[in-house]
1. Here's a check for you: in the range 313-332, which residue that is part of a helix (DSSP H, G or I) and open to solvent by 30 Å² or more (accessible area, probe 1.4 Å) is farthest from Gly225 (Cα to Cα)?
2. Among (1) part of a helix (DSSP H, G or I); (2) modelled with pLDDT of 85 or more, which single condition is Arg290 missing?
3. Name the residue, out of Leu175, Leu168, that is more than 26 Å from the chain's Cα centre (by Cα), at pLDDT 85 or above and more than 30 Å from Ala267 (Cα to Cα).
4. If I filter the range 132-146 down to residues being part of a helix (DSSP H, G or I) and without any contact (Cβ under 8 Å) to a residue 12 or more places away in the chain, which single residue comes out as most open to solvent (accessible area, probe 1.4 Å)?
5. Are any of the residues in the range 63-71 on the phi < 0 side of the Ramachandran plot, modelled with pLDDT under 75, open to solvent by 40 Å² or more (accessible area, probe 1.4 Å) and out of contact with any strand residue (DSSP E or B) (no Cβ under 6 Å at 6 or more places or on another chain)?
6. Mind listing whichever residues of the range 180-201 are over 20 Å from Arg290 (Cβ atoms), open to solvent by less than 60 Å² (accessible area, probe 1.4 Å), hydrophobic (A, V, I, L, M, F, W, C) and out of contact with any Ser or Thr (no Cβ under 6 Å at 6 or more places or on another chain)?
7. For a quick check of your reading: which helices (runs of 4 or more DSSP H) sit entirely within the range 336-417 and have at least 2 residues that are in contact with a Lys or Arg (Cβ under 9 Å, 6 or more places away or on another chain), at pLDDT 75 or above and open to solvent by 10 Å² or more (accessible area, probe 1.4 Å)?
8. So which residues in the range 149-165 are buried (at least 20 other Cβ atoms within 10 Å of the Cβ) and at pLDDT below 80?
Amino acid sequence: MRKGLTLLVFLATLLGAGFGLACHSLVHDPATAATIAQGLGLVTTIFLRAVKMLIAPLVLATLVSGVGRMGDAGDIGRVALRAMSWFIIASLVSLAIGLGMVEAIGPGLGLHLQAGAGVAAGLKAAPMSVTAFLTNLVPTSIMDAMARNEVLQIVIFSLIAGIALSRLGEKGKHLLSVMEQLANLVLQMAMFVMNLAPIAVFAAVAATLAEGGVEIIGKYASYVGGFYLALALLWLALMAAGVAVLGVARQKMLMKAIREPALIALATTSSESAYPVLLYKLEQIGVSNRIASFVLPLGYSFNLIGSMCYCIFAALFIAQAYDVPLSSLQITQLLFLIFIASKGIANVPRASLVVVVSLLPYFHLPEAGALLILGVDHFMDMGRTCTNTVATAIAAASVAKWEGDKVGQVAIPLAAG
């Protein structure tokens, strides 16, 4: 990876914001502004499709080879237990922070909205259920799962394949080498695609602001501000957890290393776009491939703490705006459903918003509430996606530290590539 890509992504974000705001102020015809935004959005769409093209083979190859190298099923179980324990605790903390913040500031209180008809196009969603989630864990075909980029299903298949490969012993060494080389090939392809990240970031930011401008944020200042305040508290909790496990110096090194994938996730609102470079950066600071390739895909399905914080915040904002009181029991049920529904949604467009919409009928909240929060969803998505990426990186580094990896002790310049 080329030096200075982080700086280029940051500059592209600033330039994209300036260009988008200029278009919004100079172009007064909404149809023309929409056309400009659509053209810019095409650039981002092509970039994200190029990244998604690589996610399935990258997860498959790195996870199969990583698990295959572990050998002992006990090692696999221990790493999985540590990772899942971290994810569950982080999820509970995220939900608690989101709940506490929305109850404390009450961003929807005083709006006194009346329920209208209709839900935003494309956001209709079937109600989430534990049965559907558990059934969806197992792929009927690995080809189908890879074609649809179902990361959770690919993880299940890769875990089984990796354990089987480790049991083959000498007979499986050649296949293990092939999987490792495939992983290297896909990573090299990913590096080519990542060089286009600044262009995609510029287009994504410019498209959003060209059509909506900053006025749309002003209309929902308490809602947007309250959520980002909740994310700030969540980040403090993440940093504290990272320092407790890694130490101050290693935590600083980790944050410096992952600033590029975090910026990419923030600007493109896609965790997938940050996955290849995040995997690369973690290995660069001493997280072994067997840990990084195992924990990251799991985290992309089970550690979406930014999304969970958003879901509880948005759902209760809608309840406040429409003056629908929820009992303590209902709020507890809502927290549980969000905890379950948020797992494995990383590849769903507007995933967090879809989860919120799917849960509204359970609590007799108007589905029209989706229209209320749709306008600023992109700005909210930036924060929650970036948080998901950073949280999974800290989890992977922490598990690696517990497993004896020398995180932060390798002499590889973080800016190099």
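The values are calculated or read from the model by the stated rules, or taken from the named source; none is laboratory data. These numbers were taken from a predicted model, which means no experiment stands behind them. Quick reminder, even Gly has a Cβ in these numbers, built from the backbone with ideal geometry, and neighbours come from all protein chains shown. All accessible areas refer to the heavy atoms of the entire protein, side chains included, with ligands and DNA or RNA removed. Shrake-Rupley method; radii C 1.70, N 1.55, O 1.52, S 1.80 Å.
1. Only one residue tops the list, namely Leu329.
2. (2)
3. The conditions single out Leu175.
4. The qualifying residue most open to solvent (accessible area, probe 1.4 Å) is Met143.
5. Yes: the range 63-71 contains one or more residues that are on the phi < 0 side of the Ramachandran plot, modelled with pLDDT under 75, open to solvent by 40 Å² or more (accessible area, probe 1.4 Å) and out of contact with any strand residue (DSSP E or B) (no Cβ under 6 Å at 6 or more places or on another chain).
6. Met191, Val193, Met194, Ala197
7. The helices (runs of 4 or more DSSP H) meeting that bar are 377-402.
8. Glu150, Val151, Leu152, Val155
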